[in-house]
Every structure is written in structure tokens, then in C-alpha cells.
4 protein chains.
Amino acid sequence: MSDDRDYYTGVLDAVMERVRTHIGEGRVADYIPELASVDPDEFGFSIATVDGEMYSTGDHARTRFSLQSISKVFTLALVMRGGSGSDIWKRVHREPSGNAFNSLHQLEFENGVPRNPMINPGALIVTDHLLSDTGDAVGTLRELMCRETGDPDLHADNLVAASESGSGDRNRSLAYLMASFGNIHNPVPDVLEHYFQQCSITVSCEELARAGLFLARHGRLSDGSELLTPSDTRRILAVMLTCGTYDAAGEFAYRVGIPCKSGVGGGILAVVPGRCTVAAWGPGLDEKGNSVTAAMALEAFTDVTGCSVF
Amino acid sequence: MSDDRDYYTGVLDAVMERVRTHIGEGRVADYIPELASVDPDEFGFSIATVDGEMYSTGDHARTRFSLQSISKVFTLALVMRGGSGSDIWKRVHREPSGNAFNSLHQLEFENGVPRNPMINPGALIVTDHLLSDTGDAVGTLRELMCRETGDPDLHADNLVAASESGSGDRNRSLAYLMASFGNIHNPVPDVLEHYFQQCSITVSCEELARAGLFLARHGRLSDGSELLTPSDTRRILAVMLTCGTYDAAGEFAYRVGIPCKSGVGGGILAVVPGRCTVAAWGPGLDEKGNSVTAAMALEAFTDVTGCSVF
Amino acid sequence: MSDDRDYYTGVLDAVMERVRTHIGEGRVADYIPELASVDPDEFGFSIATVDGEMYSTGDHARTRFSLQSISKVFTLALVMRGGSGSDIWKRVHREPSGNAFNSLHQLEFENGVPRNPMINPGALIVTDHLLSDTGDAVGTLRELMCRETGDPDLHADNLVAASESGSGDRNRSLAYLMASFGNIHNPVPDVLEHYFQQCSITVSCEELARAGLFLARHGRLSDGSELLTPSDTRRILAVMLTCGTYDAAGEFAYRVGIPCKSGVGGGILAVVPGRCTVAAWGPGLDEKGNSVTAAMALEAFTDVTGCSVF
Amino acid sequence: MSDDRDYYTGVLDAVMERVRTHIGEGRVADYIPELASVDPDEFGFSIATVDGEMYSTGDHARTRFSLQSISKVFTLALVMRGGSGSDIWKRVHREPSGNAFNSLHQLEFENGVPRNPMINPGALIVTDHLLSDTGDAVGTLRELMCRETGDPDLHADNLVAASESGSGDRNRSLAYLMASFGNIHNPVPDVLEHYFQQCSITVSCEELARAGLFLARHGRLSDGSELLTPSDTRRILAVMLTCGTYDAAGEFAYRVGIPCKSGVGGGILAVVPGRCTVAAWGPGLDEKGNSVTAAMALEAFTDVTGCSVF
């Protein structure tokens, strides 16, 4: 283990070396006040290994931030749990998609079936599905995250959720469009409520890395039980690599080279199958909506460890 | 007057001659049960002259039907009343538009500003505007129609309105998309409620022809007061001619050649400026959503009277 | 006739009164040098009556300018001559169309069938059709215009045609897209050559008004022979009113209120059925591509004469 | 080496086991007669290792087939050779893209800059770039392939190229649209000629696997010289994984899990970085345009070898 520790200490040093002079760069998401008020100079980075070790750097690896779109990975996993997810793929495709400009157009053209579960309309379908399965989508998500992190207190930030709802008319438009095609099964306001809640859950880098470890363990949770089949785990990782970082998935595939999912809260979750998860956080975003420092840190991570898939 | 009567009797005969063997053709709107249950064999046709005469034919010129999209002409007139409508043209364009396939796409591309007030998103803007102006969009519309028809009892059909609402997710999607661009000012559910109500008002051909006479009188209501300036009246007629019959406006301009507005209830209102209005009704629709027999009747009307603008 | 002369003299005075202080406004088309070099201060206006009279004003009613898109009306008429045009409507629709932003998209979506013959892809279909019919589309067009104007010398400006071709890649893209759907029957380069030639024909206001008179005469040429049936003449006028002025057809229908076709050379041809044609020319264009002074002159014309259709 | 041979023999057996009963499935590309006439029952599969070994199975590992879109990988590599490719990324993006329905629309919307070099418009840009660089795009490509395969005779099939050209109007439309935005630098007919030629080069599985080995060798050619920097090699592999298999890239990422490029000739080239290339061929295509048996064979290959990146 001390060898491992030395190794990872070196990795963390290389990451900090790369990121240090860029902390504060980018533009903090400002469509709601709760995100806009985050200090742009914060940065955190954590590696959780499948052996149960945690290695962190940055002053804010234990500072909580808003999960936002990273929640889409966890709700998708929950919908697919126990191999039960085959139905979901009738309601959402799994193909990469230019997302920036034409989400509504594509959705209209393709009869209300979104391109993949990582874009907003796809994630709304997943939340709707999870709500049908469990009666409480956000509760089920919270339960998973609490169990895996060992922190019974993980929860949605109600102020953030309320603000998301207040500026959520475009998501409402997407949801009602899908409903008009019969592809939303619960009342639209309920689905949106759960969706805004799931996005507003707050976690730290350490918690996020730990919560996502099942993706590095071929689907097994911390207690050894199987959340996902190995095959479905691969499915989710493929979706993350090809669609996980908005309209920069091609760039991320090249620069980082491992499956990632980002959120406008500034966090990114990355997975090295069989080995570890990595969570990075910095609030400043680039023009595509991905954290500048978190992306840079992950790039340094794969450069140093050589774990890029390419 | 008896000369007039002879003349119009001849016109009505020519209309019935043309239509007779086609009654029952087309497909009754079936997206809500209240429309689907209408007898497809009904037909009515009425001419209301600016001199106050009414000439009708068909067995059902006094049978009430659902106003549907024809209401868009009246709400637009109310928003423009007294020359006050200049604001509305900042929120909706007045250009013809292919409507069939890309309403959401166009709206997304053009930042939430609809192409014209005769397509659904444009009509939602008009209803929102009227609601802001008056506090009661559908009440104001009802009041106008009751006054002009002399029937204090004209009203929305609550069953139809409830069904419209129940199948109105696409209109919700359009409204929330515009709201996301800041182009809806009242709460979206309120706007939709008024919109569904206005569409579900029921009128007969005679009532509709009479209610729309101000359009043939250069904007003057039945009591001689001015609802619209002559210039704004021309504006509405131009919008009707170029955008009033869904994706068949070009065909109507040629075949009928006067400003028309149709609704999926099977009614069409047409205007001969300075002379008369014509209301025709038959529930069977063609593939573009316009009444088969009403369109045919109007074609016969302009053939016989030579009042096509071309 | 002297009464007529007095009347039209008054009309011309009113037109000049309205236009005078605006001459020079707008932006001369500059995508090819031959158009960019036209003096922006020129203006001409001519009325040709069905009785054979010509009334002109402005210093440049006999100055020739580039016909450009106005040629689309004449090629359409030639394709429909003698009632033979029914085939063309299988290859091009006749519905109004937002043209500004999505011509290719619409064409792709609707399998290579353009929305109407006044937009570029539709006009290319018409030219292709005329080429198949006659073996020489531009020659047939030139022959018609020479005969009707009495000037055997009307011809294409070869420099303009060459420049149009040199900047014609978007038209090539449209033509090949339609060809890929099987909707262009001649070799694409031939069709484009004829199209660029037809656009570069130069005429004066007097010549244009005279050449278009058959549209005011229900289809009859100057020698009394029938070019178009009355019904097909109406068809063309309806297409002009709803689609003749780019993405400002709705505005023109209201402001001018009679069928018009404009070109980026700064000319506009308007028709008052049964009475006269009007040709106006001023090189400065508004942002939609229509001549500022020509539109203004036509607006004054219909205001004074009361011949707006609304 | 004999251990390796045993290992790979086992892999080949597993591949044949999986594929055997499916040979002949799918639909042979039929848009040109030269492709339509290929025997649907042929199948070939070859592995070329970085150690210089070749392992093949199927009756047709040495039968030549049409390279088609697989050529896009090689022209892209040539444009980026020696680290010189930075300019190309100003002319084409590198983001995944739904390709099936809206190539023209997206290109129009994004001002003539294609989403990535694996879709047709992007590949046309690459060919144009290579043509500018070398004066002979297809000659340069042929030279590379001849050198790497050791076969001086590899060449385009002129009949196929002529047929491609004969049915290439959609590609012409794409090219002229990009030219209208200034994003094609050579004469469009020249670019298309080279493009059709490059697609019609014929290779066998063994030749294709050998020709692509530089992608598994971090950019080094068979003689040890560097065609691509290691970083640019990763770039190409990332583009292949996210965009290399038409509108099925997400599905391939999951099912196969290594970078692939397919062509409608029925071939697929796959790369295991640092280890080997795999070429599979079967003419029957699925509805997305990828070979049914080649995809199946690659899926078996990654299952057995465990070399999926996920």
C-alpha cells in the first residue's frame, strides 16, 4: 500500500502542478444566484481506488458543490439496476449528439425520443422512468449516494432546486414536447420536481468519487452487491465517453481519454474501469459548460497515469 | 334590397350546387372526443352584408360548432383595438410560415418570436398580451362576440376546453419555450387556460359571420364605434390571406382569393372588404386541416361573385 | 384619355412626393461588382395600362437595371403557357415560406421539392422545366420580353451573368441537392447557366411594366393571343402576393396590397388585375432585399389609387 | 511466437464461431451496380500485430473490397502527418454528430464547418486540404497504402469511382454549400473527383489491417518513420471511437469498445493501440450502414481478448 500511496502522491502533485496557475479561470454558472455566488478560486481533486483508498488534493476536496448533470449517471444506473433497464432504451437512444443548438428540433424530428440519456431531455426520461419504478426518484438517488458515501446526510439544496425550477422553462418545454409524443408517463410537474431536486444534490469530490466507485467495480456496490451487470456498466461508461461532456465529448475523448460526466456546478466524475474513480471540481466553466480546472486536472491525471483508453 | 336578395339567393344556390355531392367528405378532427362525435354530414353557409342582411343556406347555418383557430382573428383584433396594438408586433412577426413541420424548430431558432399570429405559438402570444391588457382574455373575447351577435349567451364549451387542455402538451411545450425566451408575461398555465377556452367557444355560421363583420366594415363594430383603425383592419386581412389557413394559405389565396381563417372545428370565416363576411362550416377536414365543404363553398362563392382579389 | 392622363399624372406626383427625400436610401446589392457599382441615387417608376398607355416618373424610368428574381415570374408564366403547366406543380409547391434561414433544411426535409417557385430552388426547378420544354430557357424568355416590349435588343448582361455564376455556389448546392432527389432533369450546370442568364437580363421600368402586362390582361399578350388561361394568371398573382418579396411578403401584402415581385437589382413589378402593371426601380435595398424606394413608391401608388386588395 | 500464434488461433476460432451462422445477413449496398453485385456470402477477418504477424480467417481475407468511408481515416492521417495538421481543425470540428438526418441542415447552421472528419462533408474538407498540400490527394493516399501493404498495385476501381460520381449529387450539394462559405479551396469538381477515387480504392482485409498498423504503433509507419505524432494518433483514434461508425457510434462504443471506422463496402478497420489492428469484411449492411458480420466479428474479438476500453 505504501507503494500505491507514493504513486498516487506523485499523481496528485502532477495534477496540482498543472492546475495551480489556472485556478479561478472560466466563468461561474450564473443562471441562478445560488451557483453564481460560489467562490471561483476553489478547487478539489480526489481519487478513490477500488481497493478502498482515497487520495485528495486541492483546498476543497471536501467542500460540497452542486451535482447538477453528474446526477444523470446515477439515475441512469438506478434505472438499469439488476439488469432491469432494457425498457429504458425504447424511450431514449444511446447515440452521441450535438447538443448545443438543436435539442428541441432533434426531439421534434425524432418523435420525442431523445438521442441519449446525458442530454437534458434524455435525463428527464430517465427520471420519469425511475419515478415510475420507485415512486420516489430523488429519494432513491439520495439513498444510493448516502449508502455509498457513508454519509446519511447527503441531500438536495432546496434553494438551488427552487431556483432551478424558477429558471426551468426550457426543461418544461422539453418535457411537455416529449409528453405530447407519449414519452413521459408521470405528470410533467412531478418529473420536473424530481429532476430539479436531483440536480441540486450537493457533494464533495471525495463523496462523489466514492459514490461512483461501482462504475469502476464493474457494477458492484461497496458492500459487494451488484447494482449493475458488468455489461450494463460498460454501457454506461460508453455513454459517458461519447456523450458525457456536452458538446465537447469529442475533445474530452481525446484530451482526457476516459469516461467522464460533467455538471455546470463545476464538477466532473471520471472512471478508470477496474482501478479507480476520479472527481474534480472547480466552479469556472469554459464556453461548452465544462469546468476549466477540473478538465485540466483530469487531462494531467491521464497523462501521468497513462490510463487514457487511446 | 329585393334585388340584393335575388342576387344572394343565386349565390347561395350556386354554393349548394357545388357542395351538395361532397357533404360528408373529409375526416372529422378526432384528437378529442367532443370534436370526433360531430355528425360529418352537417353543413352551413351564411353571408352577412355590411348593410345588415343575412343570407344562409345548408341545414346547419344555425348549428353551433367549435370556433377553434378562428378565435385567433378575434383575439388579434382585440389586442390591436383602438390603434393600441403596436406592441404586439415586437413579440410576434407577421410573415407567412410553413407551419406543418417545424414550429418548434423555427421558434427555437428565432429566439421565441413566432412567425405570425395565426399559428399556435403566435396566437398564444396574442392571448398572453390580451390577458395582460384586460385581466380576462376569454371574457373580453366572449363579450365582443356576444355584443356583435346580439346573443348574450355565447360561451366556451367546458367539456371541449377540458379536453383541449388534456391533449394540449404540445401547446404547453410551445408556451414554455417562449417563456424561456421571456416572451410570455403571464403564468403559462393561465395563458393556456384562456387559450383552450377561447378555442372552445361555439358559434353558428350566422353568428360567426355577424361577429366578424367589423372586418368588412374597415374596423367598425355594429354600433358604429371603431374597434380597429382602417389600417389595422387591412393588416389583419393581410395576415389572414397569407397565413390564415394553415399550410394551405397559398392554395386558398388562389382558389378562394379572399382573406380567410379556418379552424379544425370545420368552420371558415372569410371577408370581402367593404361588402360582407362569409361563414362556412362542415366538420370533415382535408389533410391540411381545413374543412373540405367549407373551402369548396367559399371557392364557389368567389367564382360566382367575382370578388377574388386576383 | 385626357382624363386618364390627368388622373395618372396626379398618381405619379403623389408617388414622387412620397419618394423624393428617400432616394439614395438602402444598401445596393454588393455580392457582385456589377451590381455594387450602380448609382444609388437613381429612381424610376412606370405605369402601363391595359389600354396601352404608359405613364412614367423619376429620372430613370428608361434606365436599364438587372432583372434578377423578377425573371422568376416570367419563366413561371412560360412554363404554364397554354394551360400546359400542370406538371410543374408536382415538382414545386405553391405555399408561402420563410426563406431567410432554412432553404436547404426545408428542401432536405421535404425531399427536394421546394416550397414555391419564387424562392431560388423553386425557380431553378422552373428553369429546368422550361429548358426541357423548349431547349433554350433563357432564349424563350428573351423572345417573350422582346416581343412584348417591342425592343428586339433586350438581352442578358454577360458580365453580370458571369459574376452571378462566380458567386453561385449556394445555388449550385441547392440544384445538386434537388438533383439528388431526382427533381432536376437536365444537367445541373446547364440549368444554372440558364438561371444566371435569366437573372442578368436588363430592362427599364417602362420595358418591365410593358413586358408584364399580360398578367393584368388575364393572360393575354399584346397581340391578343393567350399566353396563360385566366385561371393560371390568377395562380401566378396569388403566388406573387404570398411569396413574391422574399421574407417580407406579409409586410408587402399589408403595405402595398397588390401582387408584387422584387429583385435584388432594385426593381419591383406589381400588377393591378384588369387595369395596369407598375414597375418601380431604386437600387438601395432594405435588410430583406427589397428596394427601399420602389416599395415606398408602390405603397404610395396603392394609397392614392385605392387599389389595395384589402 | 508460437504462444502468440496459439492465442490468436483461438481468437480467430471464436470469431468464426460467432459469425458463421450469420454470413449472408444484411443488405448489400445497392446505390451503384458495382457494389450491388458483390456476393453477400463472403467474409474475411484479419489481425495484424505490431510485431509484424498476420492472422486471418474466413474464406475471403484476401478478397478485395471497396474501401469507401474507411479511406477517411487515411486521408485524415495524411493531412495531420508530421504534426502539420493544426490548420485542418479550423475547417472541421471534431465532435460527434447525429449524421443520419440533418447533415445539410447542420452544415448550413454552422456556416459550412462540418462536425467531424468522419462524416461526408468533413471528409470532403480533408480531401480538399490534402489536395492543396500535395497536388494529388488520391495519389498520396495510394502511395501510403502501397508502401504500407507492400503491394505497389493497390488502386482505385475506375468503374466504382465513375458510378460514385454518377450518383454523387448529394456530395456535390454538400461541397458547393461549403464552398459558398469559403470552406472549399480547390475547384469543387476536382475535390469530388479525388474523393470518389479515394472511396473506390480496393483492399483485402490483410491489406487493410497492414495499412492501418501505424494507428496501433502510435503513428509510426512500417519503416519506423513517424507519420503522426503519438498525440495526433490518439486524436484520430478518439475521432474513430466517437464518430467512426455513422449513426451507430454509441452502439459500437459499447458493443465493440475500440476505435473503428466502417465503410458501405462492408469493411471495418479497428485499432487496439500498442497491440494490433483488425480488419473485418462482410458485404451485408445493417440499417445504419455498418457490416453485420464485420461488426459481429469485432464484438467477438473484444469479448475474447478483453481489449474493450470499457
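The values are calculated or read from the model by the stated rules, or taken from the named source; none is laboratory data. Being a predicted model, the structure only gives us computed values, none of them experimental. Heads up, the Cβs are rebuilt from the backbone with ideal geometry, glycines too, and the neighbour counts pull from every protein chain shown. The protein model used for the area step is the full one, side chains on, heavy atoms only, and it has no ligands, DNA or RNA in it. Shrake-Rupley method; radii C 1.70, N 1.55, O 1.52, S 1.80 Å.
Some observations on this one:
- Flag if B:G150 is within 14 Å of chain A (Cβ to nearest Cβ), of a type in the set (G, A, S) and more than 21 Å from B:T233 (Cα to Cα): no
- Residues that are under 19 Å from A:R172 (Cβ atoms) and open to solvent by less than 10 Å² (accessible area, probe 1.4 Å) occur at least once in the stretch B:128-142.
- Taken over the stretch A:116-147, residues that are small (G, A, S) and within 17 Å of A:V239 (Cβ to Cβ) amount to 2.
- Among (1) part of a helix (DSSP H, G or I); (2) at pLDDT below 95; (3) under 20 Å from the mean Cα position of the chain (by Cα); (4) over 24 Å from A:A175 (Cβ atoms) - the single one B:H93 does not satisfy: (1)
The rows are residues; the columns are (1) on the phi < 0 side of the Ramachandran plot; (2) in contact with a strand residue (DSSP E or B) (Cβ under 6 Å, 6 or more places away or on another chain); (3) open to solvent by 10 Å² or more (accessible area, probe 1.4 Å); (4) in contact (Cβ under 8 Å) with a residue 40 or more places away in the chain.
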residue: C:L12; (1), (2), (3), (4): yes, yes, yes, yes
residue: C:V15; (1), (2), (3), (4): yes, yes, no, yes
residue: C:G24; (1), (2), (3), (4): no, no, yes, yes
residue: C:R27; (1), (2), (3), (4): yes, yes, yes, yes
residue: C:D30; (1), (2), (3), (4): yes, no, yes, no
residue: C:F45; (1), (2), (3), (4): yes, yes, no, yes
residue: C:T57; (1), (2), (3), (4): yes, yes, yes, yes
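- A:S165, sole failed condition from (1) away from chain D (no Cβ under 14 Å); (2) in contact with a Ser or Thr (Cβ under 9 Å, 6 or more places away or on another chain): (2)
- Scan of the stretch C:67-110 for residues that are open to solvent by less than 10 Å² (accessible area, probe 1.4 Å), within 12 Å of chain B (Cβ to nearest Cβ) and of a type in the set (A, V, I, L, M, F, W, C), ordered by number: C:V92, C:L107
- Being closer than 30 Å to B:I184 by Cα, surrounded by fewer than 24 Cβ atoms within 10 Å (Cβ to Cβ) and free of Cβ contacts under 8 Å to residues at least 24 places away in the same chain is a property that holds for A:P189.
- Selection over the stretch B:168-205 of residues that are more than 14 Å from chain A (Cβ to nearest Cβ) and assigned to a loop (DSSP other than H, G, I, E, B) gives a count of 2.
- Some residue of the stretch A:86-108 being hydroxyl-bearing (S, T, Y) and free of Cβ contacts under 8 Å to residues at least 12 places away in the same chain: yes
- Which listed residue is part of a loop (DSSP other than H, G, I, E, B), among the β-branched types (V, I, T) and more than 14 Å from chain D (Cβ to nearest Cβ), from A:V113, A:V126, A:V38: A:V38
- Within the stretch D:29-47, the set of residues being in contact with a Gly (Cβ under 6 Å, 6 or more places away or on another chain) and over 27 Å from D:A216 (Cβ atoms) comprises D:P40, D:D41.
- Matching residues, the stretch D:55-71, being in contact with a Ser or Thr (Cβ under 6 Å, 6 or more places away or on another chain) and of a type in the set (A, V, I, L, M, F, W, C): D:A61
- Any hit, the stretch C:40-53, residues being within 27 Å of C:I119 (Cβ to Cβ), acidic (D, E) and at pLDDT 95 or above: no
- Looking at the stretch B:216-310, none of the helices (runs of 4 or more DSSP H) lying wholly inside it contains 3 or more residues that are open to solvent by 40 Å² or more (accessible area, probe 1.4 Å), facing chain C (nearest Cβ under 10 Å) and without any contact (Cβ under 8 Å) to a residue 12 or more places away in the chain.
- Scanning the stretch A:152-183 for residues that are more than 25 Å from B:S180 (Cβ to Cβ) and more than 19 Å from the chain's Cα centre (by Cα) yields A:P152, A:D153.
- Only one of the numbered conditions (1) modelled with pLDDT of 90 or more; (2) in contact with a helix residue (DSSP H, G or I) (Cβ under 8 Å, 6 or more places away or on another chain) is not met by D:S103, and that is (1).
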